[in-house]
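**Student:** Next up is a structure, given as structure tokens.
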Ligand SMILES: Cc1cc2nc3c(=O)[nH]c(=O)nc-3n(C[C@H](O)[C@H](O)[C@H](O)COP(=O)(O)OP(=O)(O)OC[C@H]3O[C@@H](n4cnc5c(N)ncnc54)[C@H](O)[C@@H]3O)c2cc1C
Ligand SMILES: Nc1ncnc2c1ncn2[C@@H]1O[C@H](COP(=O)(O)O)[C@@H](O)[C@H]1O
């Protein structure tokens, strides 16, 4: 059975960038990335990989959906080339992530999903690397009235149902839901495969829809349920007592004695 | 805007049907908020056979314990848990609903918040009352910034990390435990089975000492040395992400923004560079010790004690010296 899958993929500043590349602008209450490129949110890459595996085993048509202020076409192209069949970009100043919360984002994505047409399975990442919230997926499911399973490490479609291996703190559980359904995907699924140069070329010809705020007909301004009142740079630094000795073995011993002396152990 | 309603804590049980330590911590935090806003504190417990846990919670300072005890709530099924508590929240909407940022809290609270159209703030490292408002503090951008947020709705919901609240002293005179009737609809989600991988004798999140290894451990062998040190100190072994990805340590060991959040009295980081994603999971530890061969590794900036050196040389003598001094 071939299924229609929508993968929600957000563009975020590369979370692997060094701390110095995240400038905290307290006055504007926003983080300004410095010298780091946008990437697809890593968990959304995992979600796309999960979708491609379903496509390989039982057939699927995968649409990549991304919403943002101005989306990098190169980043989208590379993701699509990994194994998607189409993409929808929802773009505009009103969609700057710093001005949206999970409720607003979920409402906008739900409107976009209605435009894509009937789908069987929506995959999201477990959380976005900028918000770290883990909310939009369950928000979408609530708006669309779909059953939802979070934290998948494996996703399969069997007989009109989705079967999910879900990560637990001490193990895993297997959960099934009838389609259509929404699943949020965790890193345990595995990394997104690299597309070949040939696939990247071919992906340029795949259908891409670009929508603006007027096409969506949803005004995000009244939809927010959470407001950021302040943004600060974190202060984590401590005063480190470096234990030094002539040999590393001696340093290890000295560290033990120091910790005993200071009653840490 | 005048907002009314009490503070409500959603409690969970741990091993042995006792309240989880996070839930006791939330009793302390909930009491602070209730006092700050001049309102009362309720705690809700869901499950099957949770009588003991409910009575125990009643000693930690709430004004009432609401017990939703039903055989269908034995294991967590989001559909059943959501429906069970929704009626309660609708009939008397609280000013705030707090849960732990646990597996259950992360899954259930968004479902409740979106059902009731309430603002929800997840993964809070601080919660306070200021000018009659409840403010939530949480890391964003992988811990590269801290946001102070508030809900714009009458009810605010939040999931809170371990060790943010302080467990209140238990009282000899418990409050009333009130049973609440539970509705049980047919769930859409079907739980087919569970597999427990980790030995939860000393769960990472509750261990007083955590000894973690990073990419520089180079393989599984290094982790057996970490286990030896951890057991000597009565602690648990953790890891950064690369060892988990490489299969040197089980996934259940990962510490960080996408792993477990720990706040032990002592955190020992061996061959870990100190990425923001890792620090987000452990920077609230009491004391942090780093062993790393790179003197410029960022982990030293956020540690209290450090040794610059190869762990293969430093660790054995460290462990041996601790063992010797333990005997005295
Ligand atoms: C969305 C996202 C989520 C993430 N979530 C997490 C998470 O939850 N937890 C997490 O940990 N990471 C997470 N990461 C990965 C994170 O960005 C880092 O890549 C990771 O933490 C690095 O791990 P590390 O410090 O062990 O490795 P490295 O950064 O490679 O550091 C290895 C260190 O070992 C030292 N070393 C090497 N050999 C020796 C030796 N013989 N003796 C002593 N020292 C030695 C080196 O000097 C170096 O400092 C996440 C990344 C992303 C993008
Ligand atoms: N702007 C967006 N465009 C596409 N998908 C998104 C967007 N924002 C959030 N998502 C999806 O929702 C997930 C959770 O986001 P969050 O609730 O912000 O942590 C992400 O991993 C994405 O799959």
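**Student:** Count, please, the residues in region A:120-131 that happen to be out of contact with any helix residue (DSSP H, G or I) (no Cβ under 7 Å at 6 or more places or on another chain) and more than 6 Å from ligand 2 (Cβ to nearest atom).
**Tutor:** 2
**Student:** Shifting gears a bit: Wholly within region A:174-232, which strands (runs of 3 or more DSSP E) include no fewer than the required count, namely at least 2 residues that are more than 14 Å from chain B (Cβ to nearest Cβ)? Before you say what the answer is, go through the steps one by one.
**Tutor:** On the way: elements: A:181-185, A:208-211, A:226-232.
Of the strands (runs of 3 or more DSSP E) lying wholly inside region A:174-232, those with at least 2 residues that are more than 14 Å from chain B (Cβ to nearest Cβ) span A:208-211.
**Student:** Can you confirm whether residue B:228 is away from ligand 2 (no atom under 16 Å from the Cβ), in a helix (DSSP H, G or I) and within 8 Å of another protein chain (Cβ to nearest Cβ)?
**Tutor:** no
**Student:** Shifting gears a bit: Is it the case that region B:141-163 has a residue that's within 7 Å of chain A (Cβ to nearest Cβ), under 26 Å from residue A:31 (Cα atoms), without any contact (Cβ under 8 Å) to a residue 12 or more places away in the chain and in a strand (DSSP E or B)?
**Tutor:** Yes, region B:141-163 contains at least one residue that is within 7 Å of chain A (Cβ to nearest Cβ), under 26 Å from residue A:31 (Cα atoms), without any contact (Cβ under 8 Å) to a residue 12 or more places away in the chain and in a strand (DSSP E or B).
**Student:** With respect to residue B:100, is the statement that it is more than 9 Å from chain A (Cβ to nearest Cβ), buried (at least 20 other Cβ atoms within 10 Å of the Cβ) and at pLDDT below 95 true? So that I can check it myself, show each step before the final result.
**Tutor:** Values: more than 9 Å from chain A (Cβ to nearest Cβ): yes; buried (at least 20 other Cβ atoms within 10 Å of the Cβ): yes; at pLDDT below 95: no.
Spelling it out, it is not the case that residue B:100 is more than 9 Å from chain A (Cβ to nearest Cβ), buried (at least 20 other Cβ atoms within 10 Å of the Cβ) and at pLDDT below 95.
**Student:** Let me ask you something else. I'd like the full set of residues that are out of contact with any strand residue (DSSP E or B) (no Cβ under 8 Å at 6 or more places or on another chain) and within 9 Å of ligand 1 (Cβ to nearest atom), limited to region B:277-326.
**Tutor:** B:277, B:279, B:296, B:298, B:310, B:312, B:313
**Student:** Sticking with this one: Could you count how many residues in region B:43-57 are surrounded by fewer than 22 Cβ atoms within 10 Å (Cβ to Cβ) and outside any helix (DSSP H, G or I)?
**Tutor:** Qualifying residue count for the region: 2.
**Student:** Any residue that is surrounded by 19 or more Cβ atoms within 10 Å (Cβ to Cβ) and more than 14 Å from chain A (Cβ to nearest Cβ) - is there at least one of those in region B:179-194?
**Tutor:** yes
**Student:** Quick one: residue B:237 ticks every box in (1) touching a strand residue (DSSP E or B) at 6+ places or on another chain (Cβ under 8 Å); (2) within 10 Å of chain A (Cβ to nearest Cβ); (3) more than 7 Å from ligand 1 (Cβ to nearest atom) bar one, so which box is it?
**Tutor:** (2)
**Student:** Further question: For region B:277-302, give me each residue that is more than 30 Å from residue A:41 (Cβ to Cβ), part of a loop (DSSP other than H, G, I, E, B) and within 23 Å of the chain's Cα centre (by Cα).
**Tutor:** Of everything in region B:277-302, just one residue is more than 30 Å from residue A:41 (Cβ to Cβ), part of a loop (DSSP other than H, G, I, E, B) and within 23 Å of the chain's Cα centre (by Cα), namely B:286.
**Student:** Moving to a separate point now. Could you say which residue among A:206, A:211, A:179, A:168 is under 21 Å from the mean Cα position of the chain (by Cα), at pLDDT 95 or above and surrounded by 14 or more Cβ atoms within 10 Å (Cβ to Cβ)?
**Tutor:** A:211
**Student:** Kindly provide the set of residues from region A:93-107 that are away from chain B (no Cβ under 11 Å) and near ligand 2 (Cβ under 8 Å from one of its atoms), ordered by number.
**Tutor:** Correct list: A:95, A:100, A:105.
**Student:** In region B:203-220, what count of residues is obtained for those that are assigned to a helix (DSSP H, G or I) and within 12 Å of ligand 1 (Cβ to nearest atom)?
**Tutor:** Filtering region B:203-220 down to residues assigned to a helix (DSSP H, G or I) leaves B:204-206, B:215-217, B:220.
Retained after the next criterion (residues that are within 12 Å of ligand 1 (Cβ to nearest atom)): B:215-217.
Result for region B:203-220: 3.
**Student:** A follow-up question, please. Just the residues that are assigned to a loop (DSSP other than H, G, I, E, B) and within 16 Å of ligand 1 (Cβ to nearest atom), please, taken from region A:3-36.
**Tutor:** Of everything in region A:3-36, those that are assigned to a loop (DSSP other than H, G, I, E, B) and within 16 Å of ligand 1 (Cβ to nearest atom) turn out to be A:9, A:10, A:14, A:15, A:16, A:17, A:18, A:36.
The values are calculated or read from the model by the stated rules, or taken from the named source; none is laboratory data. As the structure is a computational prediction, the values presented were derived from the model and not from experiment. Please note: Cβ atoms are built from the backbone with ideal geometry, for glycine as well, and neighbour counts cover all protein chains shown.
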